[in-house]
Amino acid sequence: MQTALLSGRQKASSPFAELNDQNCRTLIELSPDALIVHDGEVVVLANLATAHLVGAHSMDEVIGYPILEFVAARSRSFVEERIHQMHRTGYAPLVDETWHRLDGSEVEVEVAARHMPWLAPKAAMVIARDVTERRRWEAEREKLLAEKELLMREVHHRVANSLQLVRSMLNLQARGSDNEAVKIQLSEASARIGTIGILHSRLQQDSSVVEGEVQPYIEGVMTDLRSSLGETYQRPIILDPGEMPPLTLKADVLVALGLITTEAVTNSIKYGSGNIKVRLAKTDACLEISVEDEGKGFPKDFDAAKDGRGLGMRMIATLARSRGGSVTFGSGLAEAGVSSSRIAATIPL
């Protein structure tokens, strides 16, 4: 095994001589990371991984030289301050530094250090790992993620514009129809398409179009609902997030939750009474979103697929079940003994 841990200039009586015994040398050389011991600023011990890191042909180009000679100029003052910190606190935590190789090229390294006062008052061991390639891949990943965000933002923008075009066509057809029932159906379809467009627009405005937090997104959906109802609408629509911690979901799941919320609140506006409460609750495996009001509730064993005449109820059930979830329609007692109507959708996480 080729090793060159201590220079010939060091005497056997040196306090570092114990690091040169065979067992210690073997352990140090087996390390894939660069291991360096410096006394003050002078390197007194290093393994072969150190030579590879700095591009040295032999250990004579490393041992006996100031450690700062292997640090790039832009990191030098930072490293000097870390050395002073290490002498004060006993260690220097893992950070990124830029070193330079003997051929002049630079290398990104993760470095940690520990004071070794039992060897000498200013002795320290440094562990350095080459992370140049990792940092390059991380930068490439960040670039790709940024491009993906931009692409998804454009997709949401185009979807919202396309849905607005479809909505305009439905509105034109509704105005041109002489059949009142057809007008109502086309107007309701137009409103639903408009809701989907708004949900996509909201994703486009968020900091991330790929994913987002549930509570702020649902708050935004409810803000849009209140705005669409106008200032004359008096029934409160309240969000109760409970004690749910921050939860981030993919964009398609957020859109589904937004549609479920919109349809359930719309149903409550049409057929319910009193305050409308939207509640969020999370378990280890599921997210539940429910909408309650002070209406008379649903019949026992109500099934949206069989008994639900409106498209909204069927949409809620379909959206929940398409993601492996379920939906329940019920009635019960709300606060102060008042009867309640409740729609709850549960979606696995």
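I'd like the residue in segment 287-316 that is part of a loop (DSSP other than H, G, I, E, B) and closer than 17 Å to ALA345 by Cβ and, out of all such residues, is modelled with the lowest pLDDT.
Initially, segment 287-316 is screened for residues part of a loop (DSSP other than H, G, I, E, B), giving 294-303, 308-310.
If we keep only those that are closer than 17 Å to ALA345 by Cβ too, we end up with 297-298, 302-303, 308, 310.
Details: GLY297: 74, PHE298: 76, PHE302: 71, ASP303: 69, GLY308: 55, GLY310: 68.
Filtering segment 287-316 for residues that are part of a loop (DSSP other than H, G, I, E, B) and closer than 17 Å to ALA345 by Cβ, the one modelled with the lowest pLDDT comes out as GLY308.
Can you list the strands (runs of 3 or more DSSP E) lying wholly within segment 204-276 that have 2 or more residues being closer than 25 Å to SER341 by Cα, at pLDDT 80 or above and assigned by TED's automatic domain parsing to the domain that holds MET315?
Working: elements: 211-213, 237-240, 248-250.
Output list reads 237-240.
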Checklist entry - Pick from segment 86-110 the residues that are without any contact (Cβ under 8 Å) to a residue 24 or more places away in the chain and under 13 Å from LEU53 (Cα atoms): which of them is farthest from the chain's Cα centre (by Cα)? => result GLY104
Checklist entry - Here is a list of conditions, (1) under 19 Å from LEU225 (Cβ atoms); (2) free of Cβ contacts under 8 Å to residues at least 12 places away in the same chain, and LEU257 meets all of them except one; can you say which number that is? => result (2)
Checklist entry - Any residue in segment 129-147 that is in contact (Cβ under 8 Å) with a residue 40 or more places away in the chain, within 21 Å of VAL37 (Cα to Cα) and touching a helix residue (DSSP H, G or I) at 6+ places or on another chain (Cβ under 7 Å)? => result yes
Checklist entry - Hey, among ALA160, ALA174, which residue is over 21 Å from the mean Cα position of the chain (by Cα), surrounded by 15 or more Cβ atoms within 10 Å (Cβ to Cβ), part of a helix (DSSP H, G or I) and at pLDDT 80 or above? => result ALA174
Checklist outcome for this item: The residue that is farthest from GLU219 (Cα to Cα), considering only those in segment 249-286 that are exposed (fewer than 12 other Cβ atoms within 10 Å of the Cβ) and touching a strand residue (DSSP E or B) at 6+ places or on another chain (Cβ under 7 Å), is ALA285
Next on the checklist: Every residue in segment 114-131 that is surrounded by 15 or more Cβ atoms within 10 Å (Cβ to Cβ) and farther than 21 Å from GLY55 by Cα, please.
Outcome noted: HIS115, MET116, LEU119, ALA120, LYS122, ALA123, ALA124
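The values are calculated or read from the model by the stated rules, or taken from the named source; none is laboratory data. All values derive from a computational prediction rather than experimental measurement. Neighbour counts are summed over all protein chains in view; Cβ atoms, including those assigned to glycine, are modelled from backbone coordinates with ideal geometry.
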